[in-house]
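Notes follow once the structure below has been shown.
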């Protein structure tokens, strides 16, 4: 799978990259929302591992900015955060899963494996606004 990691924790990003590449995945790593946004606009990954606490813009704003791009090509987004993330916020942003820091590399592999088993059409679905 083509995976993008967006996390300013260099050590964690390196560990995730090592584990994922040894399992045959292609991984691109970015430490800021701006770098990742530019890359994703050109080459949409199958999986986006996105830290919420990034310098400058947070992870939610990255998803908001990429909304049209993510609607054109399915992307499975996994939020990485040390904080609890509400199911409502995840649903509103089309997020498939959450890895709460600190997490083990087995947890990461489990999440990616589960995403591989999903039909492509179910990867990213951001609910549309409903008009009353």
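Bear in mind these aren't lab numbers, they're just calculated from the coordinates by the rules spelled out. Just so it is clear, the model here is predicted, and its values are computed rather than measured. When we count neighbours, we look across all protein chains shown, and the Cβ atoms used for this are built from the backbone with ideal geometry, even at glycine.
Observations on the structure shown:
- Averaging the sequence gap over all C-alpha pairs within less than 8 Å and six or more residues apart, then dividing by the number of residues, gives the chain a relative contact order of 22 percent.
- Helix 10-22 vs. the chain, principal-axis angle (Cα, 0 to 90°, nearest 10): 80 degrees
- The computed percent of Cα pairs over 19 Å apart for the structure shown corresponds, within (1) 50; (2) 58; (3) 44, to (3).
- Label-point separation, residue 110 to residue 28 (7 Å along Cα→Cβ), nm: 3.0 nm
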